[in-house]
Amino acid sequence: MNRVALLLALVLGGTGAFLLMLYKNRFEREVSGGQPIQVLVARDAIPLGSVVTQENLTVRRIPEAYIEDRHVRIEDAERVVSLRVSMPIRPNQALLWSDLVAATEHRRNLSALIPAGQRAVRIRIEDTSSFEGLLRPGDRVDVLYTPTSEMETKNKFTVLILQNVLVLAVGADTGGEFAGTDRQARAYNQATLGVSVKDAAILTHAANTGVLSLTLRNPDDIAVSDEPDRATHEEVLRRVEEVSKKRRTLPKESGPVPIN
């Protein structure tokens, strides 16, 4: 009888200890934010406009309660490799979908491509600025402005108003997988740019008072130029005159040498 009671006590004690351990683990998960989820973080700094590589990434466990839809989970690692970042990523910073120029069609909603703190502004551009359809979402451009007021030609000018601006869309093309099959989506004379709130106001005013042109940048070139950013009609004429003088001073090509 004592042996049965002892065995029963051991079973009850073991069951109680097991239930207590389960409760303790559950309590700890709830207090800490839930089940840990593996997300991708930057192993080292990823500069603005750089391509994400496997070597750039590592994994961190974050409690489920602190996970957002913007976090890139470990199972999506293959989808983000080879994409460019639309803002600089610091070491140990979590990688977010909003930091990337997304690759798949369902991630190509325009609003999802706008970097945090920026705004999307659609502008009409000169046909030459579209590079005959070669301008693509994800490219970086500088913006030139030429006012179209009634000022005399000699007083006209062109000025660089924005540098290193991200192209979010060209026409209705946001860079998705099927966008290239729809010719109507490729309205080359319209571009949607991602800019700051202040620059959005400047860009809108410039679009309403003049002509905007884009110059295409190398994707790896993110430096901001300190060179003079304004060209006047007088300066253009001066440059034409300089080029003409150089041509006049070049030695003329000699004709065939006669054979005696």
Review point. In segment 85-98, how many residues are at pLDDT 80 or above and closer than 19 Å to residue 49 by Cβ?
Key: 9
Review point. Out of (1) under 19 Å from residue 217 (Cα atoms); (2) modelled with pLDDT under 85; (3) among the β-branched types (Val, Ile, Thr), the odd one out for residue 143 is which?
Key: (2)
Check your understanding: Do we find a residue being modelled with pLDDT of 85 or more and in contact with an Asp or Glu (Cβ under 8 Å, 6 or more places away or on another chain) anywhere in segment 170-193?
Key -> no
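The values are calculated or read from the model by the stated rules, or taken from the named source; none is laboratory data. Just so it is clear, the structure is predicted and the values come from calculations on it, not from any experiment. Methodologically, a virtual Cβ is constructed for each residue, glycine included, from the backbone with ideal geometry; neighbour enumeration extends over all protein chains shown.
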